[in-house]
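Chemist: Submitted below is the structure of interest, expressed as structure tokens.
The values are calculated or read from the model by the stated rules, or taken from the named source; none is laboratory data. The structure displayed is predicted, hence computed values, not measured ones. Here Cβ is always computed from backbone atoms with ideal geometry, including for glycine, and neighbour counts include all displayed protein chains.
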Amino acid sequence: MIIAITGTPGTGKTSVAKKLVREGYIVLDLNRIACENDFLLGRDEKRKSNIVDIDKLNLFIKKNYSNFDIVFVEGHLSHLLRCVDKLIVLRLEPSQLEKYLKKKRWNEKKIKENLESEILDIVLCESVEIHSKDNIAELNVTNKSVDEIVSIIIDLVTDGFKNLQKYKIGNIDWSEEILKDF
Ligand SMILES: Nc1ncnc2c1ncn2[C@@H]1O[C@H](COP(=O)(O)OP(=O)(O)O)[C@@H](O)[C@H]1O
Ligand SMILES: [Mg+2]
């Protein structure tokens, strides 16, 4: 089973991934695989980020990891991979997201762009365009420690995602935050 951990940059994907690795799980870092295998279409100089060839990445992961019992793929593009079986979308209240993004020392423009993306549910919308709602868990990580988040994820996984109902999509709404001036 391939499980994507996705979410707006800053929601805590990498922190969660590191803890999952410490717990003995295999977690793939998408950006790293894309760079190592040259699955790149170019570079977005404005955003100082690579433009990843999702189709190549999808084929590579499908070919090499489909028969794994449990493997996580982490990254803000992981929901775009058609080969993933389940998705966990990390959702974070914008004011807390702003704090986390400031910790990353990102510039104001990039912070604003990502806050807007979180408020407008962009990652979730992109996820439902590609995957069945029944395979997506929306996890509100606001005020949760990394350990708490990982514990929820491990429970979901060990239970074979039978408890997905508790995290079904559509219950999180940050839209009122758009009125605030970040
Ligand atoms: N649950 C959390 N509790 C406290 N700090 C967190 C939590 N999740 C993330 N952070 C902090 O927020 C920042 C961004 O987290 P990171 O894991 O890099 O996010 P992402 O990989 O989604 O971009 C980091 O400085 C991290 O330490
Ligand atoms: Mg990260």
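Chemist: Based on this model, can you work out whether Ile88 counts as more than 16 Å from ligand 2 (Cβ to nearest atom) and either within 14 Å of Ile153 (Cβ to Cβ) or out of contact with any Cys (no Cβ under 7 Å at 6 or more places or on another chain) (or both)?
Modeler: It is false that Ile88 is more than 16 Å from ligand 2 (Cβ to nearest atom) and either within 14 Å of Ile153 (Cβ to Cβ) or out of contact with any Cys (no Cβ under 7 Å at 6 or more places or on another chain) (or both).
Chemist: Further question: Only one residue in Val89, Val150 is outside any helix (DSSP H, G or I), surrounded by 20 or more Cβ atoms within 10 Å (Cβ to Cβ) and at pLDDT 95 or above, so which one is that?
Modeler: Only one candidate passes the filter, namely Val89.
Chemist: Also, I was wondering about something else. Step by step: first the residues of segment 7-46, then only those that are over 17 Å from the mean Cα position of the chain (by Cα) and in a strand (DSSP E or B), then the one that is modelled with the lowest pLDDT. Which residue is that?
Modeler: Once the filter is applied, the top-ranked residue is Asp44.
Chemist: Then there's this: Do you know which of the residues in segment 109-147 that are within 11 Å of ligand 1 (Cβ to nearest atom) and free of Cβ contacts under 8 Å to residues at least 24 places away in the same chain is surrounded by the fewest Cβ atoms within 10 Å (Cβ to Cβ)?
Modeler: Ser145
Chemist: Only one of these is surrounded by 13 or more Cβ atoms within 10 Å (Cβ to Cβ), within 16 Å of ligand 2 (Cβ to nearest atom) and either farther than 25 Å from Leu139 by Cα or of a type in the set (A, V, I, L, M, F, W, C) (or both): Ile26, Ile33, Ile54. Name it.
Modeler: Ile33
Chemist: Would segment 111-132 turn up any residue that is part of a loop (DSSP other than H, G, I, E, B), within 16 Å of the chain's Cα centre (by Cα) and farther than 24 Å from Lys48 by Cα?
Modeler: Checked against the condition, which is being part of a loop (DSSP other than H, G, I, E, B), within 16 Å of the chain's Cα centre (by Cα) and farther than 24 Å from Lys48 by Cα, segment 111-132 yields at least one hit.
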